[in-house]
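The values are calculated or read from the model by the stated rules, or taken from the named source; none is laboratory data. If you're wondering where the values come from, they're calculated on a predicted model, not measured in any experiment. Please note: Cβ atoms are built from the backbone with ideal geometry, for glycine as well, and neighbour counts cover all protein chains shown.
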């Protein structure tokens, strides 16, 4: 299922934990992750039927293989942020189609590595959930250009 290309992430490139995030902030006070960004494109009606199907396929693949952190059960009221662990290399490789979607729809994103992304409140074999040490306060977050093309609306 791997599509696209990206340089392999190497140990020592900034830390063992990895997060794919876009360059706008959401309700958690941190840059929005790759899955939420793709959901935003879908919700804004920007995805073609083929791209919507691709996103659904990738999303379902991850749902079937990645444990569901309990902090999502209540809508993530504690505002935890997930990061991949070093042992998640196979899962990380399967994000390539979502990276391709972001590039096709001109959504800038970064692959961020950190040795210590926050206080760990959840951990499984592939990911950690953290409470970030720093968040952008709600009132100071800039309005984000909508995935629908320029309207200023905050994303969650």
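Structure summary
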item	result
Residue satisfying all of: in the range 95-116; more than 14 Å from the chain's Cα centre (by Cα) and in a loop (DSSP other than H, G, I, E, B); surrounded by the most Cβ atoms within 10 Å (Cβ to Cβ) among these	105
Given (1) closer than 27 Å to residue 46 by Cα; (2) at pLDDT 95 or above, index of the condition residue 152 fails	(2)
Given (1) within 19 Å of residue 16 (Cβ to Cβ); (2) surrounded by 12 or more Cβ atoms within 10 Å (Cβ to Cβ); (3) over 14 Å from the mean Cα position of the chain (by Cα), number of the condition residue 56 does not satisfy	(1)
Which listed residue, of 92, 120, is at pLDDT 95 or above, in contact with a strand residue (DSSP E or B) (Cβ under 6 Å, 6 or more places away or on another chain) and in a helix (DSSP H, G or I)	92
